[in-house]
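Comments concern the structure below.
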Amino acid sequence: MRRAVSPAAVARRVVAATVLLATLAGCTDAAPDPRPDRPSSPPVTTTTPAVAPPAPRVGQCRSLGFRAATAPTSAAPPVRCGRPHTAETFFVGRLDLVEAGHRLAVDSPAVQAQPREACTRRLAGHLGATERALRTSMARAVWFTPTVEEAAAGASWFRCDVVVLASTRRLATLPRRTRGLGTDASIAMCSTGRPGDARSRRVRCDRPHSWRAIESVDLAGRAYPTVAVAARTLTPACRDAARGEAEDPLDFTWTEERPTREQWQAGQRYGICWVPD
C-alpha cells in the first residue's frame, strides 16, 4: 500500500511526481573582437529558472509496475482510464513544509509521514469499505510527493493512488473507476492453498482459489507475539467468525494466520481468519 506496500504492507511508501523537473543551463560565447590587439570577451552563462510542474488531479490513471509503485520517485504520465492501468489517483493534498519557522525537506520523515497517514486513512472512504474490511482485501494505498528539485521549485502537493495486488509482487489491472468497489471479489483476498503453506499464494477472489479471508483480529503488545500468545487472541475470534460463515454451525473449518515478523515490523498488528471456499 512511502514507500509503501510489500503485500504485507503492501507497506513502504513513496515520493512521486507526474513529470520530472529539469533545470536547464545554456552557455553563450561572445564573438571575438575583430581587432587582434584586444582579448575576446569571457563567456556569459545564463540559467533557465526552475518551474514547478502542475499538480496531479483526482481521477487520473497511470500504468505502474510493482517496483514503480514502491519506488522513491515516479515520472509515469497519466493514461486514459478506459485503457489498461494499475493505479488511480483518489486524493491530492498539500504538504506542510514548514515547522517551527523552518522549511522542511520534502524527503524528511516529518513530511513523508503526512501523505502516509492521509492516504491510508482516506482509502476506505474512497472504496466504500470499512478499514477493517480493507485488511482482508488486496487493495492498498500508495503515495507520492514531488521530487526534491520540484519541491525547491515550489511544488507542495502529495498524491494518493489506489492499487490492487494481483499476487505477491504484481499489480492488477483496475476497472475504469474504483470508487465504491467496497469488498468486491475483484479486490477481496483469497489464497490458492491453505494460508501459511509454502506453495500457497494470495490472489484476488475473482481468480481460482481454495481459501478466503473473512476477518482480521487485532493483536495487543509491542513485542512480536509467539504462536501461543497470538493463538490466545486469534483462535476464539476466528472460530466465531468461521461459525458465522458456516452452513452448519457445528461442523466447520477455519485457519488463523498471525503476521510474519517482517509484517509486524512494518506495522501489521493483526492476524487474519480464513475459511475454505
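The charge dipole of the stretch 188-277, taken about its Cα centre with unit charges on the Cβ of Lys, Arg, Asp and Glu (plus for the first two, minus for the last two), comes to roughly 520 debye. Sort the stretch 123-226 into rounded, prolate or oblate with this rule: let a ≥ b ≥ c be the square roots of the eigenvalues of the Cα gyration tensor; rounded if a/c is under 1.5, and if a/c is not under 1.5, prolate when a/b is larger than b/c, oblate otherwise. It comes out prolate by the Cα gyration axes. Using the Cβ-Cβ distance between residue 243 and residue 113 with R0 set to 45 Å, the FRET efficiency works out to roughly 0.65. Simple spin-label estimate for residue 252 and residue 83 gives 4.7 nm between the two label positions (7 Å along the Cα-to-Cβ direction from each Cα). Overall size of the stretch 110-154 from C-alpha positions, given as principal axis extents largest first: 40, 17, 14 Å.
For residue 260 and residue 130 in the same chain, what is the full-extension length gain: residue separation times 0.36 nm, less their Cα-Cα distance, in nm? Stretched out fully, the residue 260 to residue 130 stretch lengthens by 44.4 nm. Taking the fewest neighbouring Cβ atoms within 10 Å as the starting point, the ordered list for 61, 81 is 81, 61. Orientation-averaged projection of the stretch 188-277 equals 6.1 nm² [convex hull of Cα atoms, one quarter of hull surface area].
Rule-based calculations on the coordinates, nothing more; no lab input. Since the model is a prediction, treat every value here as computed from it, not as a measurement. Don't worry about glycine lacking a Cβ; one is built from the backbone with ideal geometry, like all the others, and counts go over all protein chains shown.
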